[in-house]
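Where a number appears in this text, it was derived from the coordinates with a stated rule and is not lab data. Quantities reported herein were computed from a predicted structural model and do not represent experimental measurements. As a convention, Cβ positions derive from the backbone with ideal geometry for all residues, glycine included, and neighbour counts pool all protein chains shown.
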DNA sequence: CAGTCGCATTGACATCTGTCGATGTATCGA
DNA sequence: TCGATACATCGACAGATGTCAATGCGACTG
C-alpha cells in the first residue's frame, strides 16, 4: 500500500491544509477521494450507519448480513474497504470480528476539500 | 431520475436527520452514497477544489482541462457527475459554461451519516 | 479430538466506470 | 454568412467494482 496519509497526520498547530486555501494537488486529491470512494456505495454507507447506531457502537459481521440482505463474504468485503479507508476499525475478539466506526477520516477529508 | 432529496430539504426546525439517531434506511443510504460517490474519483475532487480555489469561485471547462490533464469531453463528463450530485452548479453565459462549487450537499450527507 | 461457528479469501461473472476520438450544437467574431 | 470557439453527446473500449458460491482457517464447544 502506498498511503501517504498526509491528511490524517496534520501538524497540530495547523488549522487546516498545510498550503492554506490553494487547490488540492493530485496526491492530496487521491487521498481525499479514497475516503469518499469507500462511502460511495449505499451498502457501505448503510453498514457504517448500522455500526454507529448500535448500542455498543460496534458490530460483528454476523450482525450486519441480515440488515443489508447480502451474503457474508460480500459484507466482509465491504467492511475491508471501510477499514482500508480508515472509516472503520476492526478488532478480533475470539471467534468474532468487531467493527467500530471512525468518522475522523471523513471529517478530515471533508475539511481538506472544504476548509471553510 | 428518482432523486428523493430528503437530505437537502430538511425542515428548518430539525437539528439533523428526521429520525434522530437510528441507522439510515436503504433509501437514505442511497442518497448519501450518491454524493460521496461523486467525490470518489480523484479527478472530480481536484476539479471541485480547483473551482473553489478560483478567485471568482467559478470556472469554465476550458479552464479545467489543463490542470487535470484530461480531454475536454472527460472533464465535461466529470462535471456533469458533480452537478447531478448537487456538488456543483452550472450556469451558461454565452459561449461558456461556468461552474460553481456547492458544499452544502457534502455537509448534508456527512451530517446524515454522522449527526454528531 | 471432532464438529461447529464466524470470518476471510479465492475465483468467476455481469455490470459499472473512466477515458478517448469523433461528432453535433450553440454562440461569438470577422 | 462563414469560420472558430466552447461545450455536450455518442460510441467504443479497457479496467474497476459488487456480488455470489466454494473453500480455507482459527477459535470455541461438546
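Below 8 Å, C-alpha to C-alpha, sequence gap of six or more: please give me the relative contact order for segment A:27-93 in percent. Intermediate values should be presented prior to the final figure.
Working: 37 pairs, mean separation 22.8, N = 67.
Relative contact order here is 34 percent.
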Under the 7 Å Cα-to-Cβ spin-label approximation, residue B:62 and residue A:63 lie apart by a distance in nanometres of 5.7 nm
Within 10 Å of the Cβ of an average residue in A:21-28, the count of other chain Cβ atoms is 5
Taking every residue of A:46-57, the Cβ atoms of other protein chains inside 10 Å of its Cβ average out to 4
at residue B:72 the sorted inter-copy label distances (label 7 Å from Cα on Cβ side), in nanometres, are 5.5
Distances in nm between the label point of residue B:90 (7 Å along Cα→Cβ) and its equivalents in the other copies, shortest first, are 4.1
Taking the label point 7 Å from Cα along the Cα-Cβ vector, the copy-to-copy distances for residue A:54, listed from shortest in nm with one decimal, are 4.5
